[in-house]
């Protein structure tokens with residue numbers, strides 16, 4: 001599938017999704033939104049994709065929504081998107097929910113300014129690395145809006161309620177070092193070292209771990225982060241490991257460990273997803 005506002009490149013099991021409107025600081029248009037959703041769906045369906053790295057072209061990661069439409073930019077009725085509240089779905093939320101549903105690990109490489117939707121888009125990604133030049137801004141209150149893209153669900157889980165409140169109330173641009181100290185990003189790099197560091201981490205995942213297990217772990221971490229009781233996780237990990245414990249992946253993983261060699265796991269996603277997945281659509285275990 002070809003795209004116009006993003007670059008989609010798979011190289012040795014690592015997919016790079018690059019936002020590609022550098023002349024507009026990679027601002028998100030409706031077309032880019034649909035292409036991002038499509039790209040993550042395509043990645044989930046491709047067993048050769050093990051890890052996803054997301055970055056921006058040019059000097060910015062993403063300046064947010066394209067506001068070239070002026071004051072009507074955020075008026076769904078004025079833009080002809082929806083006549084009523086019941087008909088409207090936030091476009092940023094559609095992107096972040098699709099990333100949330102991914103079974104492939106997602107690494108964000110923040111190469112410059114990430115503001116508005118550019119910032120909230122990062123939140124459902126698993127691991128974030130930032131350039132020294134990166135600035136991250138949840139600027140919505142400065143525009144008379146509330147954070148979109150499910151940010152008030154994701155952001156406190158990343159940095160805690162107090163830090164999330166400060167950033168959203170002030171709408172200021174957060175330097176990379178502050179994002180590091182808050183735990184939002186994993187590491188800060190010189191601009192030329194950012195993508196090599198992201199690919200090194202992606203390579204470690206792709207070369208040494210079982211894709212089925214990693215896909216299940218990703219969904220378990222995100223979906224149980226706000227669960228009321230650890231029993232919710234216990235039911236699911238018991239059910240999934242009942243299947244995986246008899247799989248070729250476990251046989252290979254144990255053999256490789258004992259033989260002190262790199263494993264070659266036979267399982268792939270989506271075709272080898274274990275019984276019990278997706279568990280949120282299945283009945284709970286009997287007590």
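What follows draws every value from the coordinates through simple rules; no lab data is involved. As the structure is a computational prediction, the values presented were derived from the model and not from experiment. Glycine gets a Cβ as well: all are built from the backbone with ideal geometry, and neighbour counts include every protein chain shown.
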| Using Cα atoms only, what is the angle between the long axis of helix 30-45 and the major principal axis of the chain, expressed in degrees (0 to 90) to the nearest 10? | 0
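Give the relative contact order (percent, whole number) for the chain; include only Cα pairs under 8 Å separated by 6+ residues. Show your work: numbers first, answer last.
Working: 496 pairs, mean separation 46.6, N = 287.
It comes to 16 percent, rounded to a whole number.
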| query | According to a simple spin-label model (label point 7 Å from Cα along Cα-to-Cβ), what is the distance in nm between residue 172 and residue 193? | reply | 2.7
| query | Roughly what angle does helix 248-259 make with the longest principal axis of the chain, taking Cα atoms, 0 to 90 degrees, to the nearest 10? | reply | 70
| What is the antiparallel percent of DSSP beta bridges lying wholly in region 112-253, to the nearest 5? | 35
| To the nearest 10 degrees, how steep is helix 161-170 against the longest Cα principal axis of the chain, on a 0 to 90 scale? | 30
| note | Residue span residue 38 to residue 242: 0.36 nm per residue of separation minus Cα-Cα distance leaves a gain in nm of 70.2 nm
| field | Within region 6-205, percent of DSSP bridges classed antiparallel, to nearest 5 | value | 30
| query | In Å, what Rg and Dmax follow from the Cα atoms of region 209-281? | reply | 13.2, 41
| note | With only helices counted (DSSP H, runs n ≥ 4, each -39500 (n - 2.57)), the per-residue ellipticity at 222 nm for the chain, to the nearest 500, works out to -11500 deg cm²/dmol
| remark: Expected sort for 260, 268, 59 with the fewest Cβ neighbours (10 Å cutoff) up front is 260, 59, 268
| field | Cβ-based exposure ranking for 1, 216, in which fewest neighbours within 10 Å come first | value | 1, 216
| query | What list do you get for 228, 237 if you sort them by fewest beta carbons within 10 Å? | reply | 228, 237
| request: Quote the relative contact order of region 209-281 in percent (integer), defining contacts as alpha-carbon pairs under 8 Å separated by 6+ residues. | output: 46
